[in-house]
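The values are calculated or read from the model by the stated rules, or taken from the named source; none is laboratory data. Bear in mind that the values here come from a model prediction, so they are computed numbers and not experimental data. Neighbour counts are summed over all protein chains in view; Cβ atoms, including those assigned to glycine, are modelled from backbone coordinates with ideal geometry. Please note that ligands, DNA and RNA were not included when accessible areas were found on the heavy atoms of the full protein model with its side chains. Shrake-Rupley method; radii C 1.70, N 1.55, O 1.52, S 1.80 Å.
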Amino acid sequence: MALTQLKTTENFTYTDVCEFIEQKENKLNFQNKVKQFEKALAEYSTEINQDKDLPAYQGYEEGYVKHSFADGQYIRAITMPEGMVIATKIHNQNHPFFVMKGKCSVYSEKGMETIKAPYHGITDSGTKRLLYIHEECVWVTVHCTDKLTLAEVEEECIAKDFEKEFLPVDTKQIDTLIDQIRNI
């Protein structure tokens, strides 16, 4: 199949298709690396019996994670001590986040970024991050929801794994297109 046989429009070019494929492959590569990292981190934590050193046992009991609800919103504030490494959950919804205090390095599928408070941004659906805390950090997220318990909020706002598709398109068609391009 020749490249000229691909049907494209002025709004959807061959370059657009290639960029999309590259983005999808980068996302899958990132997801696999995160899974490997989480497994290695869990094994290391077990090996060194880290449970006794968790922040909840180091004076962070009060305010370590604070949950609030207000008129269709769930607000979560977490205080993370210096030196902590965290793998976030996978977010189902776009939502704002605020770094109120501290400094951290954030690794996501977009690459590495260092954030220093005060800072705010938007978390896109399907996002998972790895954080390294340079200075004690207070990170606040706000989620639109009418749910009133943590279990219900997590069910609505958190994906269990990367298997959920976060694209508003039929990805089977995209996979078919990728296979066609690879076979050219």
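Being of a type outside the set (Lys, Arg), more than 23 Å from residue 41 (Cβ to Cβ) and exposed (fewer than 15 other Cβ atoms within 10 Å of the Cβ) narrows it down to one residue among 151, 117; which is it?
Matching residue, one of 151, 117: 151.
Find all pairs meeting these conditions: Cβ atoms under 6 angstrom apart; at least six residues apart or on different chains; first residue within the stretch 112-134 and without any contact (Cβ under 8 Å) to a residue 40 or more places away in the chain; second residue open to solvent by less than 30 Å² (accessible area, probe 1.4 Å) and of a type in the set (Ser, Thr, Tyr).
So the pair list comes out as 114/105.
Here is a yes/no grid of residues against (1) aliphatic (A, V, I, L, M); (2) modelled with pLDDT of 80 or more; (3) at positive phi:
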site	(1), (2), (3)
10	no, no, no
23	no, no, no
26	no, no, no
58	no, no, no
81	no, yes, no
87	yes, yes, no
